[in-house]
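Written below as structure tokens is the structure these notes are about.
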Amino acid sequence: MKTTPSHPKPPPAAAFDSESLLRDAGLRVTRAAQTVLQLLEYTSQPLTHEEVAAAYTTATGEAPDRVTVYRVLDRLVDAGLCDRRVGADRVNRFSRHVEAASGNTFECDQCHKVLALPSDPELPKVMGRLGRALRKQGIDTRHTALTLHGTCGDCK
């Protein structure tokens, strides 16, 4: 079953301090950046650019400039405030950065919800072995993360 994400309305600004997050990340505080960051904070699953633009219109009553939305999303990703994932369908989807203790995630291939994987004491050992094997081939890994794909319980 394919689901369409609901378009969240950002709650009152006091509930989520987008201004501080943007400033702390060295980004300009603009209405577009604050609105997009709030939309990503309060949605239950990653959104495509088009879904972010539609949610922006719903939340503010004004259609955003599509290029501005692309630029804001790029800046949020570069600053580490949100994640960009390319789904199995090769579409970029954006969500607030998922802090997983293990650094690893699960992505539903149908609704594209992203969840943090539980920690497993064996996983760092396996990832370390993979990193060493790659280094022997002359590959320098800066960051290692695992994303499992499948179908979440809501989509079964």
*Pick out, from Val91, Thr141, Ala79, the residue whose Cα sits farthest towards the positive end of the charge dipole of the chain, with +1 on the Cβ of Lys and Arg and -1 on the Cβ of Asp and Glu.*
Thr141
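If you average 1/r across every pair of different Cα atoms in region 55-119 and take the reciprocal, what Kirkwood value do you get, in Å?
It works out to 13.3 Å.
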*Quick one: divide the alpha-carbon radius of gyration of the chain by 2.2 N^0.38 Å and tell me what you get.*
1.15
*Once you list every other residue whose beta carbon is under 11 Å from the beta carbon of Thr68, what net charge do they have if Lys and Arg are +1 and Asp and Glu are -1?*
+2
*Does anyone have the angle between helix 49-60 and the longest principal axis of the chain? Alpha-carbon axes, 0 to 90°, nearest 10?*
40 degrees
*For Leu40, Leu115, give the ranking by accessible area with the largest first, probe 1.4 Å.*
Leu115, Leu40
*Rounded to the nearest 500 deg cm²/dmol, what is the calculated helix-only ellipticity per residue at 222 nm for the chain, with -39500 (n - 2.57) per DSSP H run of length n ≥ 4?*
-11000 deg cm²/dmol
*Degrees between helix 123-136 axis and first principal axis of the chain (Cα, 0 to 90, nearest 10)*: 70 degrees
*Taking all pairs of distinct Cα atoms, average 1/r, flip it, and tell me the Kirkwood hydrodynamic radius of region 90-156 in Å to one decimal place.*
13.6 Å
*In square angstrom, rounded to the nearest 10, how much accessible surface does Tyr70 have for a 1.4 Å probe?*
110 Å²
*Which angle between 0 and 90 degrees, to the nearest 10, do you get for helix 31-41 versus the longest principal axis of the chain when only C-alpha atoms count?*
50 degrees
*Treat each spin label as a single point 7 Å out from the Cα along the C-beta direction, and report the His149 to Val126 distance in nm.*
1.8 nm
*How large is the convex hull of the Cα atoms of region 18-101 per residue, expressed in Å³ as a whole number?*
99 Å³
_Please report the antiparallel percentage of the DSSP beta bridges confined to the chain, to the nearest 5._
70 percent
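The values are calculated or read from the model by the stated rules, or taken from the named source; none is laboratory data. Since the structure is predicted, the reported quantities are computational estimates derived from the model, not experimental observations. Here the Cβ is made from the backbone with ideal geometry for all residues, glycine too, and neighbour counts use every protein chain on show. Note: areas computed on protein heavy atoms with side chains; ligands, DNA, RNA excluded. Shrake-Rupley method; radii C 1.70, N 1.55, O 1.52, S 1.80 Å.
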